[in-house]
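Asker: Would you mind keeping the following structure in view while I ask a few things?
The values are calculated or read from the model by the stated rules, or taken from the named source; none is laboratory data. Just so it is clear, the structure is predicted and the values come from calculations on it, not from any experiment. Don't worry about glycine lacking a Cβ; one is built from the backbone with ideal geometry, like all the others, and counts go over all protein chains shown.
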Amino acid sequence: MLNVVPPVLKLCVVSMHTSPAQAPGAGDAGGLNVVARAQADALAALGHQVELITRRTSRDDPDVVDLAPRVRLRHLDAGPPTPLPKSVIDDHLEEFSAGLAGLGDFDLFHSHHWMSGVAALPVADARGVPHVQSFHSVAALPGSPLSAGEPPESSRRVPGESQVATGSDAVVAISAAEAHTVIQRCGADPQRVSIIAPGVDHELFRPLDQGEARWRLPSGELWPNGYVAFAARLQPLKDPELAIGALAQLPASVRPHLVVAGDASADFASYTAQLHALVADLGLVGDVSFLGSQSRGELARLFRGARVVLVPSHSETFGLVALEAAASGTPVIAAASGGLREAVAHGETGQLMDSRAPADWGRALTELLADDQRLTTMGVVARVHSRRFDWRWTAQQLAALYADLVGR
């Protein structure tokens, strides 16, 4: 039998509302930037040409920049060249779509998030090339579990999600939970939905080396009881309030420090102040540090030195932070929501929580921190578990899907 060599493709990866230009900080940990950029690099390593297209958010953004061999970033004008709340960006969809239409030829478009899909789908249709959609999150509907913590972004989102779910040639979900959502809520044809899990950078996210210093404040201070970490965008959906509330349940004699990594987006500009007020109200000033957004290297160093990583999100399509913590050899305590059920092996790599009561989270954290042997064993198993997820494997699955669509 002859070996069939897959075609080398020129791919247009559209990420309108958040740039995949560089390895993102903790404000985007486990989010779109990580996935879009990592997929692009892995696809390029397989020989494909990848152009990442995003919206210009600064007058200093260059039109074109080469990020890596066969990976190029383009900035398109769509609205003012400044960061905008997601709820405002979709006012400029037509401008962004017109910019896409003015680019060169591509074999396939792959859009990340619904706004990118609404802009790119008509361009792909006009050119007669396939369009692939990734959602990463789906609008919260009133009364649904996803409505906890965050409202729908705009009146355009629900119809926009339905449009790209039903009109795209394929939908790529990163977990079974996300696949269920886009089929049931957005109307995607199950025959066109593929589940392709994300990977993790196992060289960057690794366990603490013997003798390696744990993360500490610039003052050099270490905490007698170590620290636990929370890393995500600071918004109600991610529920850092629950992480802070859980910490307050622990007696001061055994209480670890809580390190919060991440920034608030423009949609939640006042939320950081609310979190600081909560820390003060609970008497935790001095027990919580807010670091802001961190580079990927800083985030990895933070994770491998933590005793536990807390992931209390109301909803996660997968929970990449939990996987990166696992690769770092650090157990997690996570909400039993969405794709976190797939990222965390309950009782083996961490603990999944059905309750959202701070007392229950505090109890779980207390019991885990009190058992050093269990912590160590979970960390070792977590590292092994994380090896199932590899960006090269992800790229191979994507490339096979792309080749099939282009071949049709």
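Asker: Determine whether Ala277 is modelled with pLDDT of 95 or more and small (Gly, Ala, Ser). Please lay out each step first, then the result.
Answerer: Details: modelled with pLDDT of 95 or more: yes; small (Gly, Ala, Ser): yes.
Answer is yes for this residue.
Asker: Next question. Which of (1) of a type in the set (S, T, N, Q); (2) surrounded by fewer than 22 Cβ atoms within 10 Å (Cβ to Cβ); (3) modelled with pLDDT under 95 is the odd one out, the single condition Gln249 does not satisfy?
Answerer: (3)
Asker: Name the residues in the range 37-49 that are touching a strand residue (DSSP E or B) at 6+ places or on another chain (Cβ under 7 Å) and free of Cβ contacts under 8 Å to residues at least 40 places away in the same chain, would you?
Answerer: Ala40, Ala44
Asker: Then there is this: Go through (1) of a type outside the set (D, E, K, R); (2) in contact with a strand residue (DSSP E or B) (Cβ under 6 Å, 6 or more places away or on another chain); (3) buried (at least 17 other Cβ atoms within 10 Å of the Cβ) one by one and return the number of the condition His346 breaks.
Answerer: In the conditions (1) of a type outside the set (D, E, K, R); (2) in contact with a strand residue (DSSP E or B) (Cβ under 6 Å, 6 or more places away or on another chain); (3) buried (at least 17 other Cβ atoms within 10 Å of the Cβ), His346 misses (3) alone.
Asker: Sticking with this structure for a sec: For the range 239-274, which positions are more than 24 Å from Arg214 (Cβ to Cβ) and not hydroxyl-bearing (Ser, Thr, Tyr)?
Answerer: Step one: filter the range 239-274 for residues more than 24 Å from Arg214 (Cβ to Cβ), giving 239, 241-242, 245, 264-274.
Asp239, Glu241, Leu242, Gly245, Ala264, Ala266, Asp267, Phe268, Ala269, Ala273, Gln274, listed by residue number.
Asker: Run down Ala325, Ala359 and say which single residue is in the same structural domain as Ser253 (by TED's automatic domain parsing), under 20 Å from Ala261 (Cβ atoms) and in a helix (DSSP H, G or I). Quick ask: steps written out before the conclusion?
Answerer: Details: Ala359 fails: under 20 Å from Ala261 (Cβ atoms).
Among Ala325, Ala359, only Ala325 is in the same structural domain as Ser253 (by TED's automatic domain parsing), under 20 Å from Ala261 (Cβ atoms) and in a helix (DSSP H, G or I).
Asker: Search the range 128-157 for residues being surrounded by 15 or more Cβ atoms within 10 Å (Cβ to Cβ) and part of a helix (DSSP H, G or I), and hand back the single one that is modelled with the highest pLDDT.
Answerer: Across the range 128-157, the extreme among qualifying residues is Arg157.
Asker: Can you tell which of Pro236, Pro312 is surrounded by fewer than 18 Cβ atoms within 10 Å (Cβ to Cβ) and either at pLDDT 95 or above or within 21 Å of Ala357 (Cβ to Cβ) (or both)? Before you say what the answer is, go through the steps one by one.
Answerer: On the way: Pro312 fails: surrounded by fewer than 18 Cβ atoms within 10 Å (Cβ to Cβ).
Among Pro236, Pro312, only Pro236 is surrounded by fewer than 18 Cβ atoms within 10 Å (Cβ to Cβ) and either at pLDDT 95 or above or within 21 Å of Ala357 (Cβ to Cβ) (or both).
Asker: Going residue by residue through the range 220-230, is there one that turns out to be under 21 Å from Glu316 (Cβ atoms), modelled with pLDDT under 95 and buried (at least 21 other Cβ atoms within 10 Å of the Cβ)? It would help to see each step written out before you state the result.
Answerer: So the first thing to find is which residues in the range 220-230 are under 21 Å from Glu316 (Cβ atoms), and the list is 228-230.
Add one more test, that the residue is modelled with pLDDT under 95, and what stays is none.
Among the residues of the range 220-230, not one is under 21 Å from Glu316 (Cβ atoms), modelled with pLDDT under 95 and buried (at least 21 other Cβ atoms within 10 Å of the Cβ), which makes the answer no.
Asker: Still on this model: What are the pairs with Cβ atoms under 7 angstrom where one residue, in the range 369-382, is within 13 Å of Val332 (Cα to Cα) and the other, located anywhere, is assigned to a helix (DSSP H, G or I)? Sequence gap at least six, or different chains.
Answerer: Once the first residue is within 13 Å of Val332 (Cα to Cα) and sits in the range 369-382, its partners that are assigned to a helix (DSSP H, G or I) give Arg374/Leu368; Leu375/Leu368; Ala382/Ala326.
Asker: Output the residues belonging to the range 231-261 that are of a type in the set (Gly, Ala, Ser) and out of contact with any strand residue (DSSP E or B) (no Cβ under 6 Å at 6 or more places or on another chain).
Answerer: Of all residues in the range 231-261, those of a type in the set (Gly, Ala, Ser) come to 231-232, 243, 245-246, 248, 252-253, 261.
Matches in the range 231-261: Ala232, Gly245, Ala246, Ala248, Ala252, Ser253.
Asker: Counting only residues that are surrounded by 17 or more Cβ atoms within 10 Å (Cβ to Cβ) and in contact (Cβ under 8 Å) with a residue 60 or more places away in the chain, which one in the range 64-86 is farthest from Ser265 (Cα to Cα)?
Answerer: Once the filter is applied, the top-ranked residue is Ala78.
Asker: Restricting attention to the range 207-219, report how many residues are in contact with a strand residue (DSSP E or B) (Cβ under 9 Å, 6 or more places away or on another chain), hydrophobic (A, V, I, L, M, F, W, C) and surrounded by 15 or more Cβ atoms within 10 Å (Cβ to Cβ).
Answerer: 1
Asker: Further question on the same structure: Of all the residues that make up the range 218-276, how many are in a loop (DSSP other than H, G, I, E, B), on the phi < 0 side of the Ramachandran plot and more than 16 Å from the chain's Cα centre (by Cα)?
Answerer: Number satisfying all stated conditions: 17.
Asker: While we're here: Among what's in the range 21-79 and is in a helix (DSSP H, G or I) and more than 21 Å from Gln397 (Cα to Cα), pick the residue that is modelled with the highest pLDDT.
Answerer: Here is the first cut: in the range 21-79, the ones in a helix (DSSP H, G or I) are 26-28, 32-45.
Now restrict to residues that are more than 21 Å from Gln397 (Cα to Cα): 26-28.
Numbers: Ala26: 36, Gly27: 36, Asp28: 39.
So, considering only residues that are in a helix (DSSP H, G or I) and more than 21 Å from Gln397 (Cα to Cα), the one modelled with the highest pLDDT is Asp28.
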